[in-house]
Every structure is written in C-alpha cells, then in structure tokens.
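In what follows, a single structure is set out as structure tokens and then discussed.
The values are calculated or read from the model by the stated rules, or taken from the named source; none is laboratory data. It should be emphasised that the depicted structure is a prediction, and the values quoted were computed from it without experimental measurement. All Cβ positions, glycine included, derive from the backbone under ideal geometry; neighbour counts span all protein chains shown.
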C-alpha cells in the first residue's frame, strides 16, 4: 500500500480528526438551534391574537388599541352614513375575532364627515322608467311621484328636490330622494291598486313607484323594536285595499308592518294551506 494512502487512513482514525469533526458537528447543531429560535421569535410562530372590533370607533381609538395589540391599520375607503359619527369605522378586514399574527395590517372603511356631492342629472323629458334608472346610476333615488295634466301619460315633466324644482347641474348630496312630476294623460286616469301584502317596506316602495303610486303613512306594530326589525318587517295591512280597487295615479298607499307571523298568515292566507292555519284556530 502506498505511503500516502496509509497516512490518510491514519488521519481518519486519529483523535485530532474526530475531535475536529465533533467540533464542526456541534457548531452546525448550535447554528440550527439558534436559527430556529430566531425564526420563532421573528415570526411569532404559533402566536396569534384575535382582531378587535373597531366598528364605530374613532381613528384615534383605533390607533391606541392597535398599539396595545401590536397591530397596524390603514384606511382603505370611506362611505357616508348620516346616522354614524364622522370619521368612525364602518367596516373592517379582517373581521373582528379573526386570529392574526402581530403587526398584521387591518384595513378599515370609515364614515365620511360630509356627504359626497354630485351634479344633478337631467331626468326630465323622458319616460319614468328611464328617468328612474338614470337617477339610480347617479346614486339618487325616486322618493315620490306627482302628476300634472299632460297628454303623455307617465312622461317625466319636472324633477324636484325638497319641494322645489332642481335644475340639471345643481350640486346635490349623493343618496338624496327626488320627486318626479309625471304626465297624467288626457284625463284623471286611475289604475288598480297593487297588492303589497307580505312585502318589506323597500320592496313595496319599488313596486308602488313602478305602478305609479306612492307610499303614504308607514306604521310599525309592537313587534318592531329597532332599525333591524323595521328592515325585516313585512306588510300585513294596507289602505286603500287591493281587491280590484282603483285609485288615481300618484295616490298614497298607507302600510302597516309587523314581524308577527300570525298577522301575516291572517293577512295573506294564500301563502299557507288552510289546514296549517286551522292549527292556530283561524276560521274562514
């Protein structure tokens, strides 16, 4: 065997080689452990916190709470709701209770201090449905209808805001309600009163306007206790009634709303089998 090969094998079996090998292995293990510990603290591995509920808070309150929770926040968009405080949080993402790591950004939608202003479009000299669609495309809505004698039935003659004629190009708050003055035809025309029973107030408003009537007085019964109830409530009585009755175009229809299922069943028995109504002791 050559001398060089003998020296190599002696080196592999020597104490110096194994000592250096052990030191190198120890250094590698220590580096791996230190790396794992560092990553653990840097990424907060396994440590998550629930996102607080920022809804209705001011941005100052949000900032303080985010500082305590080691979170970050950013305003992504804004909207306008006159019932909420200006600058308060309306929506957030991630939602409240969602678990995130520290330093995560929370995106907020806040309530503007002032409503967005737009230029009033020209909804006159066109048919009602076209005018309604135009107003809605600008963020406005038809609040009520008025009628004047004119040969073109349901043709838009004028547009009003708060009882006054509003000219195209006039600054107006987005979300405002507009009164449209329509032609009544060559005579005082009447039409069948729509059946609004079992509809929500918003749906009834759309149906009534589409058929050229207005919603008049709105009455909530004792089952309605808050705004959310009023949104979910349904109509159990209306006046004038809808059984083949007619009224002049633009006439108001008064509505009564409830969350009481029994009242709704009594008001519109066609929605329920007679056998099921008999269980509640109802007679026909």
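Things to note:
- Only residues that are in contact with a helix residue (DSSP H, G or I) (Cβ under 9 Å, 6 or more places away or on another chain) and within 18 Å of residue 117 (Cα to Cα) were counted across region 79-98, and they come to 2.
- Residues (closer than 21 Å to residue 193 by Cβ and touching a residue at least 24 places away in the same chain (Cβ under 8 Å)) located in region 211-232: 212, 213, 214, 215, 216, 217, 218, 219
- Scanning region 147-174 for residues that are surrounded by 15 or more Cβ atoms within 10 Å (Cβ to Cβ) and either under 22 Å from the mean Cα position of the chain (by Cα) or in a strand (DSSP E or B) (or both) yields 147, 150, 155, 156, 157, 158, 159, 160, 161, 172, 173.
- Selection status of residue 200, loosely packed, with under 13 Cβ neighbours inside 10 Å, outside the structural domain of residue 156 (by TED's automatic domain parsing), over 29 Å from residue 157 (Cβ atoms) and within 28 Å of the chain's Cα centre (by Cα): no
- Annotation note: of 124, 88, the sole residue that is under 25 Å from residue 177 (Cβ atoms), surrounded by 15 or more Cβ atoms within 10 Å (Cβ to Cβ) and within 20 Å of the chain's Cα centre (by Cα) is 88.
- Candidate set from region 203-213 (those that are within 18 Å of residue 243 (Cα to Cα) and surrounded by fewer than 18 Cβ atoms within 10 Å (Cβ to Cβ)); member that is modelled with the highest pLDDT: 207
- Only a single criterion out of (1) farther than 29 Å from residue 180 by Cα; (2) exposed (fewer than 13 other Cβ atoms within 10 Å of the Cβ) is not satisfied by residue 114, namely (1).
- Filter result (without any contact (Cβ under 8 Å) to a residue 40 or more places away in the chain and at positive phi) within region 161-184: 162, 163
- Between 59, 65, the distinction of being touching a residue at least 24 places away in the same chain (Cβ under 8 Å) and farther than 23 Å from residue 172 by Cβ belongs to 59 only.
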